[in-house]
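Colleague: Got a structure for you, written out below as structure tokens; questions coming shortly.
Just so it is clear, none of the values below were taken in a lab; they were calculated from the coordinates. Since we're looking at a predicted model, the values are computed, not measured. All Cβ positions, even for glycine, are placed from backbone atoms using ideal geometry, and neighbour counts span all protein chains on display.
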Amino acid sequence: MRLPVLSAAFVIGVLIGLGSGVDPWAVALFLLAGAFLVPLAVSLRWRILPVLAVPFLFAGMLRASIDDADAARSLDQFHGRRDLVVEGVVTGDPSSAGRATSLRLAAERVRAGGEGADWVEANGDVLVLVSETTDIARTREKPFFRYGDRLALTGTLTPPQQFDEFDYPAFLERQRIGTVMTFPHPALLDEGEGAAFYRGLYSIRHRLSASLGRAVPEPQASFTQAVLLGIRDNLPDELVVDFRRSGTSHLLAISGLHVGVLLGISLSISAAAVGRRRQLYLIGPLIVIAGYTLIAGAPPSAIRAAIMGVAYLGALAVGRPRSVLPSLALAASVMVAAEPRLLSDVSF
């Protein structure tokens, strides 16, 4: 039970760090002091687990204290100014909704005041909703906007709108976004930027989606694309409304269940093909769940299930007890270490 206890200490430390705003250097000092207790406890024959939890607690606080909480507000100075030109690169896989595309732009520079004005360096992400009736859409095949596109967007930067029953600004802030841009005029400056790995990954994703669209009739094709790949671009509005009314909208989202089912199927096939005498049969399922999680868009629920799946395969490899709790604890601590603000995300 050591791993669940240490993971819980780390997560609690992150919670304390997010709420306290303590200085990172002070926390680092306490972390060193906590680490010193471990050999001392061994020499004095103390119970080691509670002592080990102390440095893990301070490690969580340190991770939270160095979290860049101001990243979402880095573009606030430009809010409300009209006819801004924002230049940046599309990150992530854009998604379509009706005749509009939602994309995330990593802004690099901003210009205000016309073509003769100077560019100002910027560093922040913008959530952009852009029309698919623009010149870019008329000269390109779907998807009209892609990962790695360098765009110049002319329009107005605004803060996210607050809704009555949904704290949209807080939702975006957890994703390091504090600025939105609605229906700007886009200009494609270049394409193919960003990591080649992600360009290939998103290309595979869209080719699989297109293959499903050709092989399966509508609306079954759109439903299959949403359930298997996390692509909801082509879902008919009436189908979405029907799922919402029936309380089954969660079926349209990628969840840990998808990863678990895929792990079970791939593990059975790999064991039948290779045999269980050697541990080589575990490599196939490992590649399958990692690849599927990435292709499906890597939502938090799928990432959590993938980490648990990797831990499960690791337990099989070394012949350790296959308990669910250590795997869940490992998944939680790894995800929180990568993104502390996931703790406030319902899907976490």
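Colleague: For residue 97, list long-range residues whose amide hydrogen, built 1.01 Å from N in the peptide plane, is under 5 Å from its own amide hydrogen.
Modeller: 102
Colleague: To the nearest 0.05, how large is the calculated FRET efficiency for residue 33 and residue 279 if R₀ is 30 Å and r is the Cβ-Cβ distance?
Modeller: On the way: r = 41 Å, r/R0 = 1.36.
Calculated value: 0.15.
Colleague: Can you tell me how segment 256-344 classifies by the Cα gyration tensor, rounded, prolate or oblate, using a/c under 1.5 as the rounded cut?
Modeller: oblate
Colleague: Of the DSSP beta bridges with both residues in segment 96-187, give the percent that are antiparallel, rounding to the nearest 5.
Modeller: Counting DSSP beta bridges with both partners in segment 96-187, the antiparallel share is about 80 percent.
Colleague: Highest mean first, what order results for 126-134, 190-198 on Cβ atoms within 10 Å?
Modeller: Top to bottom by mean Cβ count within 10 Å: 126-134, 190-198.
Colleague: On C-alpha positions alone, give me the angle between the axis of helix 220-229 and the longest principal axis of the chain, in degrees, nearest 10.
Modeller: Roughly 50 degrees, rounded to the nearest 10.
Colleague: Another question, then. Taking H as built 1.01 Å from N, whose amide H comes closer than 5 Å to the amide H of residue 124, not counting residues under 5 places away?
Modeller: Residues meeting the amide H criterion: 107.
Colleague: If you don't mind, there's one more thing I want to ask. Which label belongs to the value computed from this structure, given these candidates for percent of Cα pairs over 30 Å apart: [x] 35; [y] 43; [z] 50?
Modeller: Computing percent of Cα pairs over 30 Å apart and matching it to [x] 35; [y] 43; [z] 50 gives [z].
Colleague: Enter the mean projected area of the convex hull around the alpha-carbon atoms of segment 64-186, in nm², rounded to one decimal.
Modeller: Its average projected convex-hull area is 8.7 nm².
Colleague: Relative to the longest principal axis of the chain, what angle (0 to 90°, nearest 10) does the C-alpha long axis of helix 237-246 take?
Modeller: Once rounded, the angle reads 40 degrees.
Colleague: Using a 10 Å cut-off on Cβ atoms, rank the peptides 162-174, 275-287 from the highest mean neighbour count down.
Modeller: 275-287, 162-174
Colleague: So which residue, out of 250, 206, 258, gets the largest mean-square fluctuation from a GNM of the chain using Cα contacts under 10 Å as springs?
Modeller: 250
Colleague: If amide H atoms are built 1.01 Å from N in the plane of the peptide, which residues on other chains or at least 5 residues away come under 5 Å of the amide H of residue 179?
Modeller: Excluding prolines and chain starts, which carry no amide H, the hits are 127.
Colleague: Further, regarding this structure: In whole Hz and in residue order, list the ³J(HN,Hα) couplings for segment 282-298 that follow from phi through the Karplus curve 6.51 cos²θ - 1.76 cosθ + 1.60, θ = phi - 60°; x for Gly and Pro.
Modeller: After applying 6.51 cos²θ - 1.76 cosθ + 1.60, I find 7, 5, x, x, 4, 5, 5, 6, 5, x, 5, 4, 5, 5, 7, x, 6 Hz.
Colleague: Once both labels are modelled 7 Å past Cα along the beta-carbon direction, what's the residue 133-residue 193 spacing in nm?
Modeller: That separation, rounded to one decimal, is 2.9 nm.
Colleague: For segment 71-194, what does the relative contact order come out to in percent, with C-alpha contacts under 8 Å and a separation of six or more?
Modeller: Working: 294 pairs, mean separation 41.1, N = 124.
Contact order relative to length: 33 percent.
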